[in-house]
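**Q** One structure is given below, represented as C-alpha cells, and several questions about it will come after.
The values are calculated or read from the model by the stated rules, or taken from the named source; none is laboratory data. On a predicted model such as this, the values are computed, not experimentally measured, just so you know. Here the Cβ positions follow ideal geometry from the backbone for every residue, glycine too, while neighbour counts run over all protein chains shown. Protein only, heavy atoms only, side chains kept; ligands, DNA and RNA dropped before computing areas. Shrake-Rupley method; radii C 1.70, N 1.55, O 1.52, S 1.80 Å.
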Amino acid sequence: MLAELFAVMAPVLAGAGLGYLWVRLGHPYPVDFITRLVFNIGTPSLVLASLAGADIDATTFGQTMLAAALVIITMGAATFVVAKLLRRSWRVLLAPMMYPNTGNMGLPVVLYAFGSAGFAYGITVMVTVSLFQFTLGAVLNSQGNPLKTLAKTPTVYAIAISMVLLLTDTSLPPWLANTVDLMSGFTVPLMLITLGVSLASIQVKNLRSGLGFSLVRVPLAAVVAWLIAGWVGLPPLAQNILVLQMCMPVAVFNYLFAQRAQREPVYVASLVFCSTLLALFYLPALLALLM
C-alpha cells in the first residue's frame with residue numbers, strides 16, 4: 001500500500017516541487033500566459049479528451065455534477081458557523097471553504113490514484129467547482145456579468161459538446177480526437193508546475209491560523225461529500241473521487257480573488273499555503289481509505 005501511495009504522490013510532489021524550485025532559483029515563469037493557456041486551451045481539451053471517450057453515462061455525469069454542486073453550496077452555508085468558530089469574517093472564508101484545488105492538485109492525484117476510469121469523475125467535479133468559482137465568485141467580488149464570464153469560458157462549450165456525445169453515444173472523429181488528446185497532454189504537468197510557482201510566490205505570515213482552518217475544513221468536507229454522494233446515489237468510484245476532490249487544499253485562485261477584492265489577502269495566502277502543506281500528510285491517509 002505504501003508503494004502505491006508513493007506512486008500516486010511522487011508525480012504531484014515532483015511537478016509542484018519543480019515549479020517551486022524554478023522560481024526560487026530566480027528563473028522567470030510567465031504565470032499569466034500559462035494560466036490562460038491552461039484554462040483556454042488545455043482544460044477544454046482535457047474535458048473533451050476525457051469525457052468524450054469515458055466509460056460514463058450522461059445520467060451519472062449529471063448526478064456527479066449535482067452532488068458536487070450540493071457539496072459546494074453546503075460548504076458555503078457552513079462558512080457562517082466556521083467563521084464564528086475562527087472569529088473571522090464570513091466574506092473572507094467563503095471562497096476558501098467552497099473552492100478546493102480540484103484542478104492543479106486534484107486532477108493529478110485522481111489520475112494517478114484511480115486511472116482513466118476515475119479521471120472522468122475528477123474532471124466533472126473540477127468543472128463544477130470552476131463554474132461556481134468563476135460565476136458566483138465573480139458576483140461576490142463584483143467582477144462583472146457572470147453570464148458574460150460563462151460565455152467567454154471555453155470549458156463550458158467543451159462540457160456542452162461532451163454532453164451531446166454522451167447523450168447520443170457518439171465519438172469524436174479520429175482526427176479531432178487525436179488533436180484534442182495531444183493538446184490536453186500539457187495540461188496536468190503545467191497545472192502542477194504552476195501550483196509550485198504560485199506557492200513560491202505567496203508570502204505566509206500566520207501558519208497557525210492556516211493550519212487551524214484546514215483542520216476544520218477537511219473533515220467537514222469529507223463528511224459532507226460522503227453523505228451527499230450517498231444521498232444522490234453515486235456509484236462507489238464517483239463517491240470516493242467526490243470525497244477526495246472536495247478534501248483538496250484551498251485553491252490558489254482564492255488568494256488571487258482575495259487580493260483583487262482586498263479581503264485579507266495575507267490571511268488567505270496562509271490558508272492556501274498551509275492547507276497545501278498539510279495535504280502532503282493527510283492525502284496519503286485519505287487515499288489509503290478510498291483506494
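**Q** If the chain between LEU237 and SER209 were fully stretched, how many nm would it gain, using 0.36 nm times the residue separation less the Cα-Cα distance?
**A** On the way: separation 28, 0.36 × 28 = 10.08 nm, distance 3.35 nm.
In short, 6.7 nm is gained.
**Q** How much of the accessible area of segment 33-125, in percent, comes from carbon and sulfur atoms when a 1.4 Å probe is used?
**A** Details: 2110 of 3460 Å².
Looking at segment 33-125 in its full context, I get 61 percent from C and S.
**Q** Rounded to the nearest whole Å³, what is the per residue volume of the convex hull around the Cα atoms of segment 172-232? Provide the component values of the computation, followed by the final result.
**A** Details: hull volume 6.8 nm³, N = 61.
So the per-residue hull volume is 112 Å³.
**Q** Oh, and also: Full extension from ALA58 to MET163: what is 0.36 nm times the residue separation minus their Cα-Cα distance, to one decimal in nm? Before the final figure, lay out each step's value.
**A** Working: separation 105, 0.36 × 105 = 37.80 nm, distance 0.67 nm.
Extending this stretch completely gives an extra 37.1 nm.
**Q** Using r as the Cβ-Cβ distance of PHE281 and LEU25, and R0 as 30 Å, what FRET efficiency do you calculate, to the nearest 0.05?
**A** Values: r = 26 Å, r/R0 = 0.88.
Once rounded, the FRET efficiency stands at 0.70.
**Q** Quick one: check the C-alpha center-to-center distance for segment 214-248 versus segment 96-126, whole angstrom.
**A** What the calculation gives is 12 Å, centre to centre.
**Q** Further question on the same structure: When the solvent-accessible surface of protein heavy atoms is calculated with a 1.4 angstrom probe, in what order do LEU18, LEU220 fall, highest first? Each step should come with its number before you reach the end.
**A** Values: LEU18 95, LEU220 55 Å².
Order by accessible area, largest first: LEU18, LEU220.
**Q** Please give, to one decimal in nm, the separation of the simple spin-label points placed at THR179 and ALA288, each 7 Å out from Cα toward the Cβ.
**A** 4.7
**Q** Can you classify segment 11-108 as rounded, prolate or oblate using the Cα gyration tensor, where a ≥ b ≥ c are the square roots of its eigenvalues, rounded means a/c under 1.5, and otherwise it's prolate if a/b beats b/c and oblate if not?
**A** Numbers: a/c = 2.46, a/b = 1.10, b/c = 2.25.
Taking the square roots of the gyration eigenvalues as a ≥ b ≥ c, segment 11-108 is oblate.
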